[in-house]
1. Would you mind listing how long the chain runs along its three principal axes, going by Cα atoms, in whole Å with the largest first?
2. How would you order 20-28, 162-170 from highest to lowest mean count of nearby Cβ atoms within 10 Å?
3. Show that you can apply the helix-only estimate: for the chain, add -39,500 (n - 2.57) for every DSSP H stretch of four or more residues, divide by all residues, and state [θ] at 222 nm to the nearest 500.
4. 5 Å is the cut-off here: which amide hydrogens, built 1.01 Å from N in the peptide plane, fall below it relative to Tyr32, excluding neighbours closer than 5 in sequence?
5. With a 10 Å Cβ neighbour count serving as the proxy for reagent exposure, in which order, fewest first, do His108, His29, His136 appear?
6. What relative contact order, as a whole-number percentage, does the chain give when Cα pairs under 8 Å and 6 or more residues apart are counted?
7. Arranged from highest to lowest average of other beta-carbon atoms within 10 Å per residue, in what order do the peptides 44-50, 100-106, 56-62 appear?
8. How big is the Rg/Rh ratio for region 101-174, C-alpha atoms only, Rh by Kirkwood, two decimals?
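Just so it is clear, none of the values below were taken in a lab; they were calculated from the coordinates. Owing to the predicted nature of the structure, the values given are computational and were not obtained by experimental measurement. FYI the Cβ positions are ideal-geometry reconstructions off the backbone, even for glycines, and counts take in every protein chain you see.
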Amino acid sequence: MLELKAYNLLGELNDEQDLLESFISDYKHTTYVGDAITEAADSYIPVYNSDVWKNAADIQEYIEEAIASGIAGVEGGDIDLIRIFQAGYYQYYSQSLYNNLDEMVYNHIVEEVNNYLNELDEMLISELDLDAIEEHIEDEAGDFDNNNQMSILDDIIEGTKELIDEQIEELEEEE
C-alpha cells in the first residue's frame, strides 16, 4: 500500500495534528481551499478565556505576527487581550494549514486510493507499479493551489483510479 506523509508541525499546540488530519474530510464539500483553511483555523480558536490564556505564551510569535499583519484589531486603540490572543491562535492554525497543504492533499488522495486498492486481489496489487501511482499522486498534490476548489480532489482521485485500472488492463493483456 501507499504510505502517508508526515506533517510538518509547528509544535506549539496539542490539537494541531488533529486539525491537519481532519481538515480535508471536514471541508471537502466547501468551495475553495483558502476559504476552508480560514474556516478551519477559525473553528480551532479557543472560546473560553481560560483556554485562550492557557497557551498564549507558547504562541507569542504568532500573536506578534497577528498584531503586525493587522488581524488582531489593535489599530483603534481598543486593547482586548483575549481578542489579540485569539488572533494569534488564528495565525498559528492558518500557518500550519498552509504549511501542510500539500501533505494533507497527498494523504487524503493516498487514503482514498488505498481504500480502492484494498478492494483488489493481493496478487494483483503486487504486480501494480505502485511507484508510478505514487509519482502521479505526488505530481497532483505538489504545490497545491489554495485557490482550487476542494472538489478537484475528487477529480484527482478518479484520475488515479483510472491509472490503476489502466495498469490492470495492461497486466491482463500480457497474460
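1. Here the Cα extents, ordered largest to smallest, are 76, 26, 21 Å.
2. With the highest mean Cβ count within 10 Å placed first, the list reads 20-28, 162-170.
3. -21000 deg cm²/dmol
4. Met150
5. Working: His108 22, His29 9, His136 18.
The most exposed by this proxy come first: His29, His136, His108.
6. Dividing the mean separation by the residue count of the chain yields 31 percent.
7. In descending order of packing, they fall as 100-106, 56-62, 44-50.
8. So for region 101-174, dividing Rg by the Kirkwood Rh gives 1.00.
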